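Asks: Structure provided below as structure tokens; questions to follow.
The values are calculated or read from the model by the stated rules, or taken from the named source; none is laboratory data. For clarity, every value in this text was computed on a predicted model and none was experimentally measured. Positions of Cβ are backbone-derived with ideal geometry, glycine not excepted, and every protein chain shown enters the neighbour counts.
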Amino acid sequence: MLSLKSRKDAFRIILPNEFIPKEINEKYTKVLVDSHSFIVKPIDFINESIQSVAVFGFNDMTMNQEQLRYYQNSKSSMPLGNANFNYRSFTNPEQLLDKTLTLTFRHTLGYLNYFILMETAFKQYHRDTDYDSLPDAFFLDMLNENGAVYARVKLSNPMIDGMDMLNLTYSSPVAESDTFNVIFKYTDYEYLFITEDAQSVRSVD
């Protein structure tokens, strides 16, 4: 069942293996192995550091028009002055959707995930990078209170659009778990319900 209570970790997004280009994957696999990390695959390292997801959102669904108001009874009517009225926008609502995905990552020791993502972004924009080598989609899973997937959002053709600056400081005497954002743009979305029994299904491939 679906609960009305708020619950942490009620979502899951896993970036696919093909997200990190081959040469970058090989480079950072060696770094992780040499550092004796218990995670040796760069994509797993990236996915483990995801803190939060921001997606969808829209505005400008209405248009405002000034019109003259009238007071009217059975015998007469008189103008009361102008008033603003809201109407549905003529624009297709789906065109108003902000097709932006923002992933917030926590910094790791040595800022390794930041540099993996930065190099991945640069590689994706190299002239010799074919669009066919980029991931087809990201999948955002929605979980019920039993931890089972009941719905999935498919975001097609995601590409990195920007990253936060890397802020380095010694001003705080206490170590903090800082974060940074990576912004993606996608071309389309699809909201899919999972048809299997949500009480028993724990994951969806």
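Asks: Could you list all residues from segment 112-155 that are more than 18 Å from the chain's Cα centre (by Cα), of a type in the set (Lys, Arg) and closer than 18 Å to residue 16 by Cβ?
Replies: Let us first name the residues in segment 112-155 that are more than 18 Å from the chain's Cα centre (by Cα), namely 112, 115-116, 119, 122-133, 144-148, 150.
If we keep only those that are of a type in the set (Lys, Arg) too, we end up with 123, 127.
The one that is more than 18 Å from the chain's Cα centre (by Cα), of a type in the set (Lys, Arg) and closer than 18 Å to residue 16 by Cβ: 123.
Asks: Suppose we filter 19, 58 for residues that are touching a residue at least 24 places away in the same chain (Cβ under 8 Å) and touching a strand residue (DSSP E or B) at 6+ places or on another chain (Cβ under 7 Å); which single one remains? Steps first, answer last, please.
Replies: Numbers: 19 fails: touching a strand residue (DSSP E or B) at 6+ places or on another chain (Cβ under 7 Å).
Result of the check over 19, 58: 58.
Asks: Answer with yes or no whether residue 132 is of a type in the set (Asp, Glu), out of contact with any Asp or Glu (no Cβ under 7 Å at 6 or more places or on another chain) and closer than 30 Å to residue 10 by Cβ.
Replies: no
Asks: Could you please tell me which pairs satisfy a Cβ distance under 9 Å, a separation of 6+ or placement on different chains, a first residue in segment 149-163 that is at positive phi and part of a strand (DSSP E or B), and a second residue that is crowded, with 17+ Cβ neighbours inside 10 Å and among the charged types (D, E, K, R)?
Replies: none
Asks: Considering only residues of segment 110-140 that are in a loop (DSSP other than H, G, I, E, B) and out of contact with any helix residue (DSSP H, G or I) (no Cβ under 9 Å at 6 or more places or on another chain), which is nearest to residue 160 (Cα to Cα)? Outline the logic, then answer.
Replies: If we filter segment 110-140 for residues that are in a loop (DSSP other than H, G, I, E, B), which is where we start, we get 125-130, 134-136.
In the following step, the residues that additionally are out of contact with any helix residue (DSSP H, G or I) (no Cβ under 9 Å at 6 or more places or on another chain) were identified as 125-128, 130.
Details: 125: 9, 126: 13, 127: 15, 128: 17, 130: 15 Å.
Residue satisfying both the conditions and the ranking: 125.
Asks: To continue, here is another question. Tally the residues that are of a type in the set (S, T, N, Q) and modelled with pLDDT of 90 or more, restricting the search to segment 180-201. It would help to see each step written out before you state the result.
Replies: Step one: of segment 180-201, the residues of a type in the set (S, T, N, Q) are 181, 187, 195, 199-200.
Now narrow it down to the ones that are modelled with pLDDT of 90 or more: 181, 187.
Number of matching residues: 2.
Asks: Mind telling me which of the residues 134, 117 ends up being closer than 30 Å to residue 34 by Cα, modelled with pLDDT of 95 or more and either touching a strand residue (DSSP E or B) at 6+ places or on another chain (Cβ under 7 Å) or surrounded by fewer than 15 Cβ atoms within 10 Å (Cβ to Cβ) (or both)?
Replies: Values: 134 fails: modelled with pLDDT of 95 or more.
Within the list 134, 117, the selection yields 117.
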